[in-house]
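A short worksheet on the structure shown next.
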Amino acid sequence: MTDHRVLLINPPRIKGVSWTREGRCQEKEGILGTVKPPFSLALSAAMLRENKIAFKLIDATALNINSDEIRDRLIGAGFRPDIIIYCTTTATISADTEALSAVKNRFNARLIAFGAHLSGAAKETLEKLADLDAGITGEPEYTILDILKQADLSDLSGVRGIAWRNGKEIRLNDSREWIEDLGRLPEPAWDLLPLENYLLPFTDEKYLLVETSRGCPFACDFCVVPLIHGLKFRGKGPEAVVGEIEGLKAKFGITFFNLFGDTATFNKEFMNSFCDEVIRRNIKIQWFTNTRADTLCDINLVNKMKRSGCWMLSLGIESGSEETREHMQKKLETEKIEYALRLLREAGILSFGFFIYGYPGETEQAMHETTKFALSCPLDYANFYPAVPYPGTNFHATCVKEGLLASDSWDEMEYSRYILKTKDLDEAVVKKAISGAYLRFYLRPQFILRHMKNIGPINFFAGSVKYGLKFLSANLKTAWSPGR
């Protein structure tokens, strides 16, 4: 390796608001005020440490520090980076780059970004943002190491998986193959991050991400997973995952874990073995993950997951209409959704459903039917999002081709905005439907009683004070607006 000095950084908050910038997870903190730990940065830090490369890891969002304070910390530590590497998203790329450009200019460093946005629109991003020197496409870990092997950072022609600036020319190099053996990757350098700042909503429990797999073969047209992890499922060994959890619990005293994978229960053999190993070792943890409903149709597996400490599962349901899900390439049958949710309720595993509103072809009535479906399901929690056409996805390509974008601003491609305009829908109509869905779902007496049971009376009343007024003010005004 050459003698580079690297700053790995999660950029500062934007206008005081925190963002999660991790893989497919790219959203602002919202009402619950929580963001995920920066897994990819922590993993990259571990790889730099293994290779004895000088680096600093800073989560400016978690620490709530701005560009000036980042510079002051580095100067105070006597650390002058010549490369700054940061994770970013479509909605934050402009603000993130602007904030870190001030740090770049202070140290005359190179600025390199990664994330789903760069994987989907690397060349366009470098064309738009003059201070960005390179963008990593696909999985960043080994690409970062290859960049650091280059003594001359002005010539990155030999590094696969990047777009880079060669004078006034922007070059897009060959893509890098996906990492086949995830077991080669080290444990993330969690010891370098402020773990007390990553808390679950309502319970305020510390938690960490433990990667189980990458890649998803289902290829929903709105999803960015194919851009960053591909379509081929690649999993870790169950014993290795359990061993990592056991070590993290012993080291940090953490008992809540997010099994971080694009579809954690896709490989039933892994999930069976993982649960068996947790039970055999008698590790007292609570874990949660995201998955598909049609991988949860085995009652014996669901019950075993509960015994191993499964606390909550998040499921992308997307729509109450099977036809709309087909248009999304979701390929998920309604009866399997209903069956999986019944199994989870019977097993005592909390369920969190995700729904998309405003997909092209929908009407106000179709969104109303999705809300009715969400209310009819035995769901514990739900999020309702507008359809977002992220660059590089098939959904974005379709929206451009059919002239459905009311705006092509990257800043507006996020879950609090709706930037499509179809024959039947616009932003006012879709946001009104979403706020109505939130109010109808969360103000039901049966939800309130069940939620109190789930988290306990003390957490319930504390959360009601902390989140309740923000929730009502965020949704009542929109729900009662006249629309178009």
Margin query: If I model a spin label as a point 7 Å beyond the Cα along the Cα-Cβ vector, how far apart are those points for residue 105 and residue 166 in nm?
Written below: 2.8
Next item on the list: Pull the list of the chain cysteines that no other Cys approaches to under 4.7 Å, Cβ to Cβ.
Entry: 25, 87, 216, 275, 297, 310, 377, 399
Next item on the list: First check a/c for segment 164-211, with a ≥ b ≥ c the square roots of the eigenvalues of its C-alpha gyration tensor; if it is under 1.5, answer rounded, and if not, answer prolate when a/b is larger than b/c or oblate otherwise.
Entry: prolate
Notebook entry, point to check: About the Cα centre of the chain, what is the dipole size in debye to 20, counting +1 per Lys and Arg Cβ and -1 per Asp and Glu Cβ, all else neutral?
Noted result: 1040
Notebook entry, point to check: Check residue 111: other-chain or 5+ apart residues with amide H under 5 Å from its amide H, H built from backbone geometry?
Noted result: 84, 133, 134
Item checked: Paired Rg and Dmax values of segment 445-484, which use every Cα atom, in angstrom -> 13.2, 42
Notebook entry, point to check: How much mean residue ellipticity at 222 nm does the chain get from its helices, if each DSSP H run of length 4 or more adds -39500 (n - 2.57) and you divide by all residues, to the nearest 500 deg cm²/dmol?
Noted result: -12500 deg cm²/dmol
Item checked: Inter-part distance where segment 92-156 and segment 195-237 are each reduced to a Cα centre, Å -> 23
Check: Quick one: Debye curve from the C-alpha atoms of segment 199-479, no solvent, what's log10 I(q)/I(0) at q = 0.08, 0.10, 0.12, 0.15 Å⁻¹?
Finding: -0.36, -0.56, -0.82, -1.26
Checklist line | Solution diffusion estimate, µm²/s, Stokes-Einstein, segment 328-484, Kirkwood Rh from C-alpha pairs, 25 °C, viscosity 0.890 mPa s | finding: 143
Notebook entry, point to check: For segment 68-122, rounded, prolate or oblate, judged on the Cα gyration tensor with a ≥ b ≥ c (square roots of eigenvalues), a/c < 1.5 rounded, else prolate if a/b > b/c?
Noted result: prolate
Check: Can you list the HN-Hα couplings for segment 282-292, worked out from phi with the Karplus curve (6.51, -1.76, 1.60; θ = phi - 60°), rounded to whole Hz and with x for Gly and Pro?
Finding: 6, 8, 8, 9, 10, 10, 8, 6, 10, 6, 9
Notebook entry, point to check: Of all the stretches in the chain, which is the longest one without any exposed loop site, taking GluC sites (Glu not before Pro) in a DSSP loop (any state but H, G, I, E, B) with at most 16 other Cβ atoms within 10 Å?
Noted result: 30-176
Next item on the list: Go through segment 19-127 and name the trypsin sites (Lys or Arg not before Pro) that are in a DSSP coil and have 13 or fewer other Cβ atoms within 10 Å of their Cβ.
Entry: 52
Checklist line | Rounded, prolate or oblate (a/c below 1.5 giving rounded, otherwise prolate when a/b exceeds b/c) for segment 5-172 by Cα gyration tensor | finding: rounded
Next item on the list: Arrange the following residues from fewest to most other Cβ atoms within 10 Å of their Cβ: 452, 47.
Entry: 452, 47
Item checked: Positive-end residue, the chain charge dipole about Cα centroid, Cβ charges, pick of 108, 347, 384 -> 347
Next item on the list: Just add up the charged neighbours of residue 461: K/R +1, D/E -1, any other residue whose Cβ is under 15 Å from the Cβ of residue 461.
Entry: +1
Next item on the list: Determine, for 279, 147, the number of other Cβ atoms within 10 Å of each Cβ, and report the residues in order from fewest to most.
Entry: 279, 147
Next item on the list: Please give the net charge around residue 86, taking every other residue with its beta carbon less than 11 angstrom from that of residue 86, where Lys and Arg add +1 and Asp and Glu add -1.
Entry: 0
Note to self: How would 280, 292 line up from fewest to most surrounding beta-carbon atoms within 10 angstrom?
What the structure shows: 280, 292
Next item on the list: Take each complete run of DSSP H in the chain, measure how far its Cα atoms stretch along the helix's own axis, and keep only those covering 15 Å or more with mean Kyte-Doolittle hydropathy at least -1.0; list them.
Entry: 39-50, 93-107, 116-128, 238-252, 268-281, 334-347, 364-376, 427-442, 445-455, 457-479
Notebook entry, point to check: Lysine pairs, Cα distance under 18 Å, 8 or more residues apart or cross-chain: how many in segment 121-252?
Noted result: 4
Next item on the list: Please report, to two decimal places, log10 I(q)/I(0) for the chain at q = 0.07, 0.08 Å⁻¹ as given by the Debye formula with identical point scatterers on the Cα atoms and no solvent.
Entry: -0.36, -0.48
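Values in this text are rule-based calculations from the coordinates and carry no lab data. Computed from a predicted structure; not experimentally measured. We place every Cβ from the backbone using ideal geometry, glycine too, and count neighbours over all the protein chains shown.
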